[in-house]
RNA sequence: GCUGAUGUAGCUCAGGGGUAGAGCACUUCCUUGGUAAGGAAGAGGUCAUGGGUUCAAAUCCCAUUAUCAGCUCCA
């Protein structure tokens, strides 16, 4: 007699051992049809695996994360089966599931390539295989047998994977003519896979190491119903419409020119206006947190970066040194602001009474990113950090750190960024040579971050090996329109640069002490932040921020007067006269054309000359009815002030 | 940097060894008071750049360059 506890706490009894499929069937035939995998005592199993002891279980359908995982994992196997059939001799790397779908890394026989056109053929083959309704069978195998089997197949990638596994834990999955090394779990049968879309094909290094051979990676996604696939494809299309590169072009926010250079954005008037609003907003917040603005040059002597350690780490991969008519004199385009701010700290003796000192600068820096890395505004070679460096006593560190988290919260709240990941990035304990500074300082710094984040009640994920070379970080990641994660805000604790720059303050004991440094940039960079902001709002910025208030008075001699009133309170970068004396009706035509480009629009159309009343409509907010221009100005002023007030509180 | 794809008018794209195409945008005129109006006419392109093959190249081949997707990297 076996007791199976269901998620609601009820217990079902079975005469003898059962599997997930039997349990589902005992509840309802419909469930049995839809169920894909099962959690047994919090371990995910195949439906067909026999449960021999009392267990608590949960059945997973496609709606569950666990169900999707099994579904896509099996789909990856079906794809591999199809590829093996179509391209005999192909060797297989790994084929995991990802957030949306799966991929498989394959090594095609010499001379063969798969291009996007071939994906349709593979899709068809996959559907054909899925329709064969093959059972997917799990099999335990000894390490020796597994090695022998893949040796025979000549699949060196699987052999490499197997050699890293413990004997006794190795399982194979078999469906049709295809067998793969796999931990599982899988669907019981291929028939569940009804809709298949292979999305793209790209290169990927074996085991993610650029020294290894590059394999062909095929990405795909599958669904149990064709309708779900259609919905997903529509979603993808919608996401592409929010791409900041597309919207940026349409709204005339920024552009690139090959003449200027790749990865060097040119901000157009509206984009510059948007940036200015963001900068003003953050400056105001920072001022209330006791920051002081500083300004430093765009270049610095090479020695500055040799002192900081950046030159040794990044020198050869950076824009190269700038020489001068003076023999031996070398400068570097500023790749970061920290060393400059350290020198400001050093410029005069500091007392413990002055700390913390907080130097802020919208500092433009230049980094030679690899050409394949450049991506719209999210990854560029010249960008402006909303940078600040806080110098404090060790016992002030945690408090200061928490205050920076507060600033980031203010920003994310103001711009309605709810869906972010807070990532604690620590150094890789197995490879400490990549980092500078003593173990003791690293431990102190890492502890400070972990504690501060915990005390702020942040849900964090911890990633080893993601720290900066001088210290650990707390990074705030946000996804773009198509689900790629980008790091925005970052807070870093640093005991090392103060040592390298020999920074000191005089303590209450009249002794010299070393301050601790916090590097932080809540936006990350203006460029990347604007990019993510565009994708989150689809270009419909909040009123207080938008550069695109266009006021149009179709037929009115008072246009200039009105425009001035409105522009005094709004950040209007584009007010266009639409009154043409020769033909007063021309105004309408311009307005229609403008409309196409402007996602957020104020239209003020005069209705009755005598009363000076206008029709106001905020695009995206509907009609606001009739009001006079003065009323309109007051209304907008009020709106903007309210928005700003609610943010700053 | 690596693998693959792409580069044709301001934008979105079709075409393709022998006068360069469409829609939208732009200019002028006509019609039209209201959130992507209609009509007529016009302007706009060494088909990314440089070589090669050919009687002939925007088209085929090679190289370069930029963009896109992914990998790697990200102070």
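Side notes on the structure shown:
- When the alpha carbon gyration tensor of the range A:459-546 is reduced to an equivalent ellipsoid, its three semi-axes come out at 36, 17, 10 angstrom, largest first.
- Each of the peptides A:265-275, A:57-67 was scored by the mean count of other Cβ atoms within 10 Å over its residues; in descending order, highest first, they stand as A:265-275, A:57-67.
- Global form of the range A:210-279, assessed from the alpha-carbon gyration tensor, a/c cut-off 1.5: oblate
- Two-decimal log10 I(q)/I(0) for the range A:124-165, as the Debye equation yields it once each C-alpha is a single scatterer, q = 0.15, 0.17, 0.18 Å⁻¹: -0.55, -0.64, -0.68
- Shown here: the range A:195-237, whose C-alpha atoms stretch 42, 20, 12 Å along the first, second and third principal axes, sorted largest to smallest.
- Rounded, prolate or oblate (a/c below 1.5 giving rounded, otherwise prolate when a/b exceeds b/c) for the range A:3-66 by Cα gyration tensor: rounded
- Distance (nanometres) between label positions extended 7 Å along Cα→Cβ at residue A:320 and residue A:205: 2.4
- For chain A: relative contact order, % (alpha-carbon pairs under 8 angstrom, 6 or more apart): 9
- Considering the range A:97-160, its Cα convex hull presents a mean projected area of 6.7 nm².
- Classification of the range A:280-382 by its C-alpha gyration tensor yields an oblate form. The axis ratio a/c (a ≥ b ≥ c) is 1.5 or more, and b/c is at least a/b.
- Distribution of pairwise C-alpha distances over the range A:397-439, 10 Å bins, in %: 21, 33, 29, 17, 0
- Each Cα pair under 8 Å and six or more residues apart adds its sequence gap; the mean of these over the residue count of the range A:254-353 is a relative contact order of 20 percent.
- Remark: A:427, A:447, A:49, A:348 ranked as A:348, A:447, A:49, A:427, counting other beta-carbon atoms within 10 Å and listing the fewest first.
- For the peptides A:215-224, A:432-441, the ranking by mean Cβ contacts within 10 Å, running from highest to lowest, is A:215-224, A:432-441.
- Applying 0.36 nm per residue to the separation of residue A:369 and residue A:280 and subtracting their alpha-carbon distance, the gain on full extension is 29.2 nm.
- Helical mean residue ellipticity (222 nm; -39500 (n - 2.57) per DSSP H run of 4+; nearest 500) of chain A: -11000 deg cm²/dmol
- Relative contact order of the range A:1-107, defined on C-alpha pairs under 8 angstrom at six or more residues apart (%): 21
- Using only the C-alpha atoms, the convex hull of the range A:425-496 corresponds to 91 Å³ per residue.
- Legend: ranking of residues A:45, A:544 from fewest to most surrounding C-beta atoms inside 10 Å; resulting order A:544, A:45.
- The mean of 1/r over all pairs of different alpha-carbon atoms in the range A:32-187, once inverted, gives a Kirkwood hydrodynamic radius of 16.5 Å.
- Kirkwood Rh and Cα Rg combined as Rg over Rh, evaluated for the range A:229-324: 1.12
- Working note: Debye formula, equal point scatterers on the alpha-carbon atoms of the range A:379-422, no solvent; log10 I(q)/I(0) at q = 0.14, 0.25, 0.26, 0.34 Å⁻¹ is -0.51, -0.98, -0.99, -1.13.
- Radius of gyration and maximum dimension Dmax of chain A, Cα, Å: 30.4, 95
Computed from the coordinates by the stated procedures, all read-outs in this text should not be read as laboratory data. Everything quoted here is computed from the prediction, not taken from an experiment. Cβ sites come from the backbone with ideal geometry, for glycine too, and all protein chains shown count toward neighbours.
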